[in-house]
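The values are calculated or read from the model by the stated rules, or taken from the named source; none is laboratory data. Keep in mind that this is a model prediction, so the values were computed, not measured. Cβ coordinates were reconstructed from backbone atoms using ideal geometry, including for glycine residues, and neighbour counts include every protein chain displayed. To get the accessible areas, we keep the full protein, side chains included, count just its heavy atoms, and leave off ligands, DNA and RNA. Shrake-Rupley method; radii C 1.70, N 1.55, O 1.52, S 1.80 Å.
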Amino acid sequence: MKALPFEFALDLPRAALVIIDMQRDFVEPGGFGESLGNDVTRLQAILPTCAAVLAAWRAAGAWVVHTREGHLPDLSDCPPAKRLRGRPSLRIGDTGPMGRVLVIGEPGHAIVPELAPVDGELVIDKPGKGAFHATPLQARLQERGITQLVFMGVTTEVCVQTTMREANDRGYECLLVEDGTASYFPEFKAATLAMLTAQGGIVGWVAPAAELVAELPGR
Ligand code: C5J
């Protein structure tokens, strides 16, 4: 398929669609993202594209992985350096309009309804930005013989980029859907897309959703 910096050879039986942290706490008003002073409408804007890619990917019979950033209720997996950083109006573990911020099982921790996981899809709860750190993701991918990861989700320069770099170091071929990812800072998204694909795809590939969907069987 057409991609940057050059064509990507999608191998669907060995590929997983990885949707990063499309959680109410990041995407919806009243969540953690907004408490940090961010405009969540930029993240909401990618929902129709993500939903269309997810529907096409599922219809093609390929596997889906969802990730959620969050912590145990006792916050034992949340380093103080993460909880105490900055001056947000709500800290991780505090109670806000969507329950305790970034705590597993709270309303804000849930994936937005438009992209809710279905039976047979893997959900990875992660305490860090990268989805491989302190999670069973690598083992689950190896069990299924997955070698390619197609990424969507938020935010482009934080959890998406961190996970894509972790995956690249582990030997996965990584493609990021450019209109299926968003940042609170458009200039950070643009810079991330550029740096991932620079130097002959030093971290991986980037392509628009339409190119990916056109590549899927039945389209
Ligand atoms: C952030 C994320 N931005 N999912 N998390 O803190 O990118």
| note | Taking segment 195-204 and the residues there that are assigned to a helix (DSSP H, G or I) and open to solvent by 60 Å² or more (accessible area, probe 1.4 Å), the one that is nearest to the ligand (Cβ to nearest atom) would be 195
| task | Residues being within 14 Å of residue 4 (Cβ to Cβ) and among the acidic types (Asp, Glu): count how many of those fall in segment 174-218. | result | 3
| Which one of the conditions (1) open to solvent by 20 Å² or more (accessible area, probe 1.4 Å); (2) modelled with pLDDT of 95 or more; (3) more than 15 Å from residue 18 (Cα to Cα) does residue 219 fail to meet, given that it meets all the rest? | (2)
| What are the residue pairs meeting all of these: first residue in segment 25-45, first residue closer than 15 Å to residue 158 by Cα and modelled with pLDDT under 95, second residue of a type outside the set (Phe, Trp, Tyr) and within 12 Å of the ligand (Cβ to nearest atom), Cβ atoms under 6 Å, and 6 or more apart or on different chains? | 32/25; 32/101; 32/102; 33/40; 36/88
| query | Only one of (1) under 16 Å from the mean Cα position of the chain (by Cα); (2) small (Gly, Ala, Ser); (3) more than 16 Å from residue 19 (Cα to Cα) fails for residue 128. Which number is that? | reply | (3)
| field | Enumeration of residues in segment 69-93 that are free of Cβ contacts under 8 Å to residues at least 24 places away in the same chain, part of a loop (DSSP other than H, G, I, E, B) and open to solvent by 50 Å² or more (accessible area, probe 1.4 Å) | value | 74, 76, 79, 84, 85, 87, 91
| message | Need the failing condition index for residue 124 against (1) out of contact with any helix residue (DSSP H, G or I) (no Cβ under 9 Å at 6 or more places or on another chain); (2) within 16 Å of the ligand (Cβ to nearest atom), just the number. | response | (1)
| Search result, residues across segment 1-49 that are among the basic types (Lys, Arg) and either touching a helix residue (DSSP H, G or I) at 6+ places or on another chain (Cβ under 6 Å) or within 25 Å of residue 132 (Cα to Cα) (or both) | 2, 14, 24
| Got a number for residues in segment 98-117 being surrounded by 19 or more Cβ atoms within 10 Å (Cβ to Cβ), among the acidic types (Asp, Glu) and outside any loop (DSSP other than H, G, I, E, B)? | 0
| request: Collect the residues in segment 20-67 that are of a type in the set (D, E, K, R), open to solvent by less than 10 Å² (accessible area, probe 1.4 Å) and on the phi < 0 side of the Ramachandran plot, keeping them in residue-number order. | output: 25
